[in-house]
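The values are calculated or read from the model by the stated rules, or taken from the named source; none is laboratory data. Quantities reported herein were computed from a predicted structural model and do not represent experimental measurements. Because the Cβ atoms are built from the backbone with ideal geometry, glycine has one as well, and the counts that use them run over all protein chains shown. All accessible areas refer to the heavy atoms of the entire protein, side chains included, with ligands and DNA or RNA removed. Shrake-Rupley method; radii C 1.70, N 1.55, O 1.52, S 1.80 Å.
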Amino acid sequence: MARTIGTITTYNGDEHPYLRGHKLRVVAVLPRASAADFDPDRDGRVLRDDDEIERAGGVTAGDRIEVQPWLAREQRWSFVTSDPRAIDLACFRHLTKTH
């Protein structure tokens, strides 16, 4: 399985317009978190390890991905994260074929 945590990508969606054009680093996967019936109290797992992600079946079109934007002016990753849909990240573009 390819590495997910630490992957550098870009955002292509409309849900988080402030992320467009920014370099982003994947820090976690939130399985099924973009599903309409998602309940964070019941289903709120956070996968922060590639082995955990593999055991869960890998990244799917229904997942959200926790990302950190690169702050070019400060030359560091932001402490603040966002959770776009997996299908809105360039590195998971291939998932839109199954969504």
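On the protein heavy atoms, probe 1.4 angstrom, tell me the percent of accessible surface of the chain carried by carbon and sulfur.
49 percent
Tell me the mean residue ellipticity at 222 nm calculated for the chain from its helices only (DSSP H runs of n ≥ 4, each -39500 (n - 2.57), averaged over every residue, nearest 500).
Helices in the chain give a 222 nm mean residue ellipticity of -2000 deg cm²/dmol.
Suppose all protein chains stay in the model; what accessible area per residue would a 1.4 Å probe give for the chain, in Å²?
Accessible surface, normalised per residue, equals 61 Å².
In a shell of Cβ-Cβ distance under 11 Å around Ile53, excluding Ile53 itself, what net charge do Lys and Arg (+1) and Asp and Glu (-1) give?
-2
I'm spelling it out carefully: the read-out is Cα extents along the principal axes in Å, the candidates are (1) 47, 25, 22; (2) 79, 28, 19; (3) 38, 27, 27, and one was derived from this structure. Which label?
(3)
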